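The values are calculated or read from the model by the stated rules, or taken from the named source; none is laboratory data. Owing to the predicted nature of the structure, the values given are computational and were not obtained by experimental measurement. Cβ placement follows ideal geometry from the backbone for every residue including glycine, while neighbour counts extend to all protein chains displayed. Surface areas here come from the heavy atoms of the whole protein model, side chains and all, with no ligands, DNA or RNA. Shrake-Rupley method; radii C 1.70, N 1.55, O 1.52, S 1.80 Å.
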Amino acid sequence: MDLRIVLGVALMLVSPAWGQPGASSAPDFQARMSAASRAYEELDYEHSLEQLDAAKALARDGGERGRVAILRGIVLADLGRRQEAQAAFKEGLSLRPDASLPVKVSPKVSRDFEEVRRNVQRELARNPRPPPDAPVAMTDAQPVSAPSPGVVPPPAQEEVRRTRSLPVLPLALLGGGVVLGGIGSYVGLRSRSNVNAAREDAFYSDRTAHLDSARGQALAANILLGAAVTAAAGAAVTWLLTGDSPSPRTEVSP
């Protein structure tokens, strides 16, 4: 047998393309889209949707996914599934805002498509975003790390310093002691004045009255002066016990 005939037969058995004219050995995105368009024109909507599913799996970027979504919307619109068709149009136009209908459609479908386009354009105007698959520009700025959940960063650095608290109790005791001492001194002077008056009195009764007053005033003066000394001592003790205790004062530095 001729060697060329043997090689030809072997090639026919190995390659299925020889036995199936027009078949592609490696179906790609464009082949699936073409098959979906042909099935749509032949009113074979289910087969068209199957081809679109396969094309979506092969899509390499947002532009190709947008083409798949728009053609899917057309097929769904012809099937009477208007809400699903509009959702597909929205998906496709969000990825390709300037896209046009790839096949001839009815005026109703065309109106729905343009209405969805206007809605998408309004949304994009309110919330602009970069085009699909656009490269992200790299900058030298370091990313700012977000705070951990539940942790609120302090608005300023807080610094606690030890300060001397206002000695309220020692001051009160000292003030009371000064007042009592002043009153006691005044009463003591009155007592001495009565003693001097008693010495000058000619009558016994008057002298006795002055002496009695002097004794009472002297006793009161001694009590007041003793209370004054006690208050002063208490002020000194409480000052020593509480005056050096630190009280925290928070200072906020910007």
_Show me, bin by bin at 5 Å from 0, the whole-percent P(r) of the range 25-126 based on Cα pairs._
2, 15, 25, 25, 18, 9, 4, 1, 0, 0
*For the range 25-126, with only Lys/Arg (+1) and Asp/Glu (-1) charged at the beta-carbon, what is the dipole magnitude about the Cα centre, in debye rounded to 20?*
460
*When the accessible area of the range 73-113 is computed with all protein chains present and a 1.4 Å probe, what percentage of it is carbon and sulfur?*
49
*Counting only C-alpha contacts under 8 Å and six or more residues apart, can you give the relative contact order of the range 25-126 as a whole percent?*
21
